[in-house]
Amino acid sequence: MTDVVAPPAQTRTKQPRGWYKRNEIALTPWLFLAPGILFFSVYVVIPIFQSFNLSLYAWDGLGEAEFIGLANYQELMTDRAFEVSLWNNLKWLLLYLLAIPAGLFIALFLNQTVTGIRLYKSLFFFPFVLSQVVVGLVFSWFYLPNEGLLNAIAAWVGAGPFNILGDPTTATYGIIAAGLWPQTAYCMILYLTGLNAVDPEQVEAARLDGAKGWKMLWYVILPQLKPATFIAFVVTIIGALRSFDLISIMTNGGPFGSTRVLSFYMFEKALAEFGFRMGYGAAIAVVLFLIMMLFIAYFLWSMWNEERSARR
């Protein structure tokens, strides 16, 4: 019997891989990011450049735009209402930052294991879920000259009455106090999340070395909360610079325009006043954007320097 010899197996020719297959690992994340980048570009990046361009024109929103160069910015330099709005924004920036340490200390308190801690967390979290309109209405009632709770408390101690929102010297501070209420709750949530990521081994090692109280907080806890602090700074600064809704609800820019900020003044010039000065409103928006970017760029640069020094 003769052995049957099997025919030789056909060798498969290796097909060349396509361009996508060769770059699949690098391209796949960008494909997932593409819709978000598209929407961000259309609704955020492009309008920013459009605002820069519009600030160089005189336009009422309906007729033909007239190119006037930097005339809108030159007018800003002599605009008393713009100066008041800018100074009020600086007040908002400085005082709004109080929400960060307040949120930190509330978070440290709520991070304890004590009786009724869930009730305390709910009470401190409550302002965060309220809209700015509700907060503005609540504080407007709180500040009422005759029927408000503030003056009722002041009458018990023999003080008052106070007209917080009716006095140009105190109205801005009254609105800032209203804004600090929900902003502190937001910072508290950020720090509570950060405290959950604190390394317990570092805390225990610090205790064995004798660290406690302020030393534990300053040298062990706070360095691990830098990401939460960075986000709290950025969000608080943005919140202070875009403070529009509380002012609109509580004073509508009054009394006598003393509580205007840049965002509210921009709205007044572009949409509220007769004439609709879109170009002038865009110039105010550009100034507000540059101030915001100045602060955010500083914090990003600080974080980048710290990370670079930590890698060395």
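The values are calculated or read from the model by the stated rules, or taken from the named source; none is laboratory data. Since we're looking at a predicted model, the values are computed, not measured. Heads up, the Cβs are rebuilt from the backbone with ideal geometry, glycines too, and the neighbour counts pull from every protein chain shown.
Is it the case, given these coordinates, that Gln112 is polar (S, T, N, Q) and at pLDDT below 85?
So Gln112 fits the description; yes.
Among the criteria (1) outside any helix (DSSP H, G or I); (2) at negative phi; (3) in contact with a helix residue (DSSP H, G or I) (Cβ under 8 Å, 6 or more places away or on another chain); (4) at pLDDT below 90, the one Gly61 does not fulfil is (2).
Of the residues Leu290, Leu241, Leu222, only one is in contact (Cβ under 8 Å) with a residue 60 or more places away in the chain and within 25 Å of the chain's Cα centre (by Cα); which? Steps first, answer last, please.
On the way: Leu290 fails: in contact (Cβ under 8 Å) with a residue 60 or more places away in the chain; Leu222 fails: in contact (Cβ under 8 Å) with a residue 60 or more places away in the chain.
After ruling out the rest, the residue left standing is Leu241.
If you go through region 55-94 and keep only what is more than 16 Å from Leu262 (Cβ to Cβ), of a type in the set (A, V, I, L, M, F, W, C) and touching a residue at least 60 places away in the same chain (Cβ under 8 Å), you end up with Leu56, Ala58, Trp59, Leu62, Ala65, Ile68.
Considering each of Gly158, Gly166 in turn, give the residue that is more than 26 Å from Ser248 (Cα to Cα), over 26 Å from the mean Cα position of the chain (by Cα) and in a loop (DSSP other than H, G, I, E, B). I'd like the intermediate steps shown before the answer.
Numbers: Gly166 fails: more than 26 Å from Ser248 (Cα to Cα).
That would be Gly158, the only listed residue that is more than 26 Å from Ser248 (Cα to Cα), over 26 Å from the mean Cα position of the chain (by Cα) and in a loop (DSSP other than H, G, I, E, B).
In this structure, Ala155 qualifies as modelled with pLDDT under 90, out of contact with any Asp or Glu (no Cβ under 7 Å at 6 or more places or on another chain) and not charged (D, E, K, R). Within this structure, Val4 passes the test of being among the β-branched types (Val, Ile, Thr) and either in a loop (DSSP other than H, G, I, E, B) or modelled with pLDDT of 95 or more (or both). When region 201-215 is filtered for residues that are more than 18 Å from Leu104 (Cα to Cα) and either of a type in the set (Phe, Trp, Tyr) or part of a helix (DSSP H, G or I) (or both), the ones remaining, listed by number, are Glu201, Gln202, Glu204, Ala205, Ala206, Arg207, Leu208. Hey, among the residues in region 246-265 that are without any contact (Cβ under 8 Å) to a residue 40 or more places away in the chain and at positive phi, which one's surrounded by the most Cβ atoms within 10 Å (Cβ to Cβ)? Top of the filtered list is Gly253.
Is it fair to say Lys215 is without any contact (Cβ under 8 Å) to a residue 24 or more places away in the chain, surrounded by 14 or more Cβ atoms within 10 Å (Cβ to Cβ) and not β-branched (Val, Ile, Thr)? No, not satisfied.
Conditions (1) touching a helix residue (DSSP H, G or I) at 6+ places or on another chain (Cβ under 9 Å); (2) on the phi < 0 side of the Ramachandran plot; (3) among the charged types (D, E, K, R); (4) surrounded by fewer than 17 Cβ atoms within 10 Å (Cβ to Cβ), marked per residue:
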{"residue": "Leu104", "(1), (2), (3), (4)": "yes, yes, no, no"}
{"residue": "Gln112", "(1), (2), (3), (4)": "no, yes, no, yes"}
{"residue": "Tyr120", "(1), (2), (3), (4)": "yes, yes, no, yes"}
{"residue": "Leu123", "(1), (2), (3), (4)": "no, yes, no, yes"}
{"residue": "Phe126", "(1), (2), (3), (4)": "yes, yes, no, yes"}
{"residue": "Ser131", "(1), (2), (3), (4)": "yes, yes, no, yes"}
{"residue": "Gly136", "(1), (2), (3), (4)": "yes, yes, no, no"}
{"residue": "Ser140", "(1), (2), (3), (4)": "yes, yes, no, no"}
{"residue": "Gly166", "(1), (2), (3), (4)": "no, yes, no, yes"}
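Of the numbered criteria (1) farther than 17 Å from Gly179 by Cα; (2) exposed (fewer than 14 other Cβ atoms within 10 Å of the Cβ), the one Glu75 fails is (2).
Here Glu306 meets each of (1) modelled with pLDDT under 90; (2) surrounded by 15 or more Cβ atoms within 10 Å (Cβ to Cβ); (3) more than 14 Å from the chain's Cα centre (by Cα); (4) not basic (Lys, Arg) with one exception, condition (2). Tell me, yes or no, whether region 266-288 has at least one residue that is in a helix (DSSP H, G or I), over 30 Å from Leu62 (Cα atoms) and touching a Leu at 6+ places or on another chain (Cβ under 8 Å). Within region 266-288 (the criterion being in a helix (DSSP H, G or I), over 30 Å from Leu62 (Cα atoms) and touching a Leu at 6+ places or on another chain (Cβ under 8 Å)), the answer is no, since none of the residues qualifies.
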